[in-house]
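Structure first, commentary second.
The values are calculated or read from the model by the stated rules, or taken from the named source; none is laboratory data. Computed from a predicted structure; not experimentally measured. A quick note on method: Cβ atoms are made from the backbone with ideal geometry, for glycine too, and the neighbour counts reach across all protein chains shown.
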Amino acid sequence: MLQKNIQKIDKKTILEYLEATGQKQAELFSLSKKIKEATFKNKVHFRGIIEFSNLCQNNCFYCGIRKGNKKTHRYKMSLSEIEQTLDFIDQSDYGSVVFQSGEIQTKVWRDYLLKIVTLTKKKYPKMGITISCGEQDHEFYKKLRQAGADRYLLRIETSNPALYKKLHPKNMSWDNRYKCLQSLKKLDYQVGTGIMVGLPGQKLDDLVDDLIFFKDNKFDMYGLGPYVVHDNTPLVTPSVKKAWKKNKEQIFNRTLNFLAIMRIMFPKANIAAATALDVFNPLGRIKVLEISANIIMPVVTPTKRRKDYLLYEGKPCISEGADDCYDCLTSKIKNWGLEPVFGEQGNSPFYYQKKHGQTKRI
Ligand code: 5AD
């Protein structure tokens, strides 16, 4: 009954379970866990994430690396620095890489990203390549795909265009972001999107609409997490910060419940456990891997860069190295009864099902 009601997005049920705690939450988690295990067993796939540049032309009101934050030291990793990081991913046998950066649309920058992808494909032809570099145009997405990119992550941030407008400057538009997602789909990427849970001004109804948006658009992957304050952003006034701190527990709970609901709705999609979950609880990501997600993205960015890639406050692991994150995450995963998988790309079963009408072996 619960499964059916969630899968048909019965609003009353969703609203009730988004706020669930105690016994009710346990019931939700046990169902989502069962559904996750039917597809993924207890396997966890990795993507080493390289935050290769924090240069950004945008001014999203919530984000710590927005252009207007003059307190951030800007960097772009050199090709050889990236290559060394890729070597680490290869040695760790993570199977996939994510290249993430702020959004820049100049030709010079695009050529650079193409170079990075080409180099990766050439040196590590078996490595899955995900890009997370924001809104670009169809032609460039096409070039990246041809150069060897397999997947693209672009969060819609919220499915509500009016809320989107409140969180972004005038030159950014929800419609364009949505257009980008459609382009990526046409180009046969595995497409991932997501939202932030707990955004100032976000209503529970918005979260229901986000689920409807996901269902209507059939994405292959989801990466979503809680909103976390960052002082040097226009969204954060003393009163917003106070309210966020007060509601921290509720935001975390809501995110867990949202992710459990997502898994029940999308049994075969790849769902990543967002790093921001660990701001709330050091086992945040691991808990989500137990009840919903099948993907984790260990940060492999060189330590000296990490403090400059702060999208939000309290980001974990900023003084750690890639090897620390490897040790910490693999042991946490194992201790929790989950199985880290090495040497596989861990592609989205939903993507294969869409293409071939059947699920590829995970
Ligand atoms: N809190 C949580 N997530 C954030 N992101 C940006 N700023 C924040 C924040 N303050 C997320 C956005 C973006 C992704 C790369 O990081 O959803 O798409």
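Worth pointing out:
- A single member of SER331, SER319 is more than 13 Å from the ligand (Cβ to nearest atom), free of Cβ contacts under 8 Å to residues at least 24 places away in the same chain and part of a helix (DSSP H, G or I), and it is SER331.
- Scanning the stretch 302-316 for residues that are within 13 Å of the ligand (Cβ to nearest atom) and in contact with an Asp or Glu (Cβ under 8 Å, 6 or more places away or on another chain), we see that the one that is nearest to VAL229 (Cα to Cα) is GLU313.
- Selection status of TYR141, aromatic (Phe, Trp, Tyr) and over 22 Å from THR255 (Cβ atoms): yes
- The residue that is farthest from the ligand (Cβ to nearest atom), counting only those in the stretch 58-99 that are touching a residue at least 40 places away in the same chain (Cβ under 8 Å), of a type in the set (D, E, K, R) and assigned to a loop (DSSP other than H, G, I, E, B), is ASP93.
- Against the list (1) over 19 Å from the mean Cα position of the chain (by Cα); (2) within 24 Å of SER183 (Cβ to Cβ), the condition PHE214 fails is (1).
- Which numbered condition ASN171 fails, given (1) in a loop (DSSP other than H, G, I, E, B); (2) buried (at least 22 other Cβ atoms within 10 Å of the Cβ): (2)
- Test result for TYR189, closer than 30 Å to GLY128 by Cα, within 14 Å of the ligand (Cβ to nearest atom) and of a type in the set (Phe, Trp, Tyr): no
- Some residue of the stretch 125-132 being surrounded by 14 or more Cβ atoms within 10 Å (Cβ to Cβ), more than 16 Å from the ligand (Cβ to nearest atom) and under 16 Å from ILE82 (Cβ atoms): yes
- Qualifying positions in the stretch 26-64 - within 30 Å of GLN91 (Cβ to Cβ) and in contact with a His (Cβ under 9 Å, 6 or more places away or on another chain): ASN54
- Every residue from the stretch 147-163 that is among the small types (Gly, Ala, Ser), away from the ligand (no atom under 14 Å from the Cβ) and assigned to a loop (DSSP other than H, G, I, E, B): GLY148, ALA149
- Those helices (runs of 4 or more DSSP H) lying entirely in the stretch 206-295 with at least 1 residues within 15 Å of the ligand (Cβ to nearest atom), over 20 Å from ILE333 (Cα atoms) and of a type in the set (Val, Ile, Thr): 238-246, 248-265
- Under the condition of being out of contact with any strand residue (DSSP E or B) (no Cβ under 6 Å at 6 or more places or on another chain) and either in a loop (DSSP other than H, G, I, E, B) or of a type in the set (Ser, Thr, Tyr) (or both), the residues counted in the stretch 334-359 number 10.
- Cβ-Cβ under 9 Å pairs, at least 6 apart or on other chains, the stretch 201-223 side buried (at least 18 other Cβ atoms within 10 Å of the Cβ), far side of a type in the set (Lys, Arg) and in a helix (DSSP H, G or I): LEU207/ARG254; VAL208/LYS11; PHE219/LYS185; ASP220/LYS185; ASP220/LYS354
- When residues in the stretch 240-260 are screened for being in contact with a Leu (Cβ under 9 Å, 6 or more places away or on another chain) and within 18 Å of GLU157 (Cα to Cα), 7 of them pass.
- Residue count, the stretch 296-309 (criterion: in a helix (DSSP H, G or I) and either of a type outside the set (S, T, N, Q) or at pLDDT below 95 (or both)): 3
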